[in-house]
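Undergrad: One structure coming up, written as structure tokens, with questions to follow.
Values in this text are rule-based calculations from the coordinates and carry no lab data. Quick caveat: nothing in here was measured; it's all calculated off a predicted structure. Cβ coordinates were reconstructed from backbone atoms using ideal geometry, including for glycine residues, and neighbour counts include every protein chain displayed.
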Amino acid sequence: MAQPGVQSLKAQKHDKGREKKKKTNLLLSQQCVVTGDGAVGKVALYYPPIVASNARLTISRQTCLLISYTTNAFPGEYIPTVFDNYSASVMVDGKPISLGLWDTAGQEDYDRLRPLSYPQTDVFLICFSIVSPPSFDNVKAKWYPEIDHHAPNIPIILVGTKLDLREDAATLDSLRQKRMEPVSYEQALVCAREIRAYKYLECSALTQRNLKSVFDEAIRAVLNPRPQPSKHKKSKCSIL
């Protein structure tokens, strides 16, 4: 016959085991806001299953990123977005995550409205098109300063979209006519360091290459935050 104390100890262990199991099964919620110039392929990023809520489902190239990520399908029509809200349930590193995805309008007309989606954001994706140098220039000229002003110290993932077009003959010919060339991986990596991004990733919503990695890394940036380096170097004081 087991002693009362032993039974009590077993019950405590059983309760702790159930509590631990409950905690591991908890769904963590994260909000990811996707920014960048219009027509860079942002919405094509998303991962299945997709749920559009409280918003008109519109398709920008940025939106293409999100739709492709959440539905495994590439949308064809381009319609500028104001705000699109999606959600996806994913598993990253053994953790169940409820990922809220916000697409934002890149057009100047929405500069005052766009920051309304920034509060409570856990991670930002700044997107540019690898075959659009002006959209890359705007990462530092527009998008990073805007995010740093409204939501400082929130992790950023820099994302180069349209990877499938970097070596596309027709695209390269069009760029040459404008005296441009695709943004190189090395150029983008330097930019990522300058804006203190958590990581730089390149992807294609059309072929879905590296698509899942973009959002997995966005989630990891929240789960495993890195210390943010100081923006300004400390001045040294010498005593003579």
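Undergrad: Per 0.36 nm of contour for each residue apart, how much would the distance between Ala141 and Glu194 grow if the chain were fully extended, relative to their Cα-Cα spacing? Present the calculation step by step, with values, prior to reporting the outcome.
TA: Details: separation 53, 0.36 × 53 = 19.08 nm, distance 1.20 nm.
Extra length from Ala141 to Glu194 when fully extended: 17.9 nm.
Undergrad: Moving on. Dipole size in debye (nearest 20) for the range 106-170 around its Cα centre, Lys and Arg Cβ +1, Asp and Glu Cβ -1?
TA: Values: 6 positive and 10 negative charges, 20 e Å.
In total the dipole reaches around 100 debye.
Undergrad: Greater than 20 Å separation of Cα atoms is the criterion. Which listed pairs, Lys140/Lys199; Lys42/Lys95; Lys42/Lys212; Lys140/Lys212; Lys142/Lys178, meet it?
TA: Pairs exceeding 20 Å: Lys42/Lys95; Lys140/Lys212; Lys142/Lys178.
Undergrad: Sorted by mean Cβ packing within 10 Å, highest first, what order do the peptides 212-219, 140-147 take? Show your work: numbers first, answer last.
TA: On the way: 212-219: 21.6, 140-147: 16.9.
Those peptides, ordered most packed to least, come out 212-219, 140-147.
Undergrad: Would you please calculate the Kirkwood hydrodynamic radius of the range 94-204 over all C-alpha pairs and express it in Å, rounded to one decimal? Walk me through the intermediate numbers first.
TA: Details: mean 1/r = 0.0659 Å⁻¹.
Hydrodynamic radius (Kirkwood, Cα only) of the range 94-204 equals 15.2 Å.
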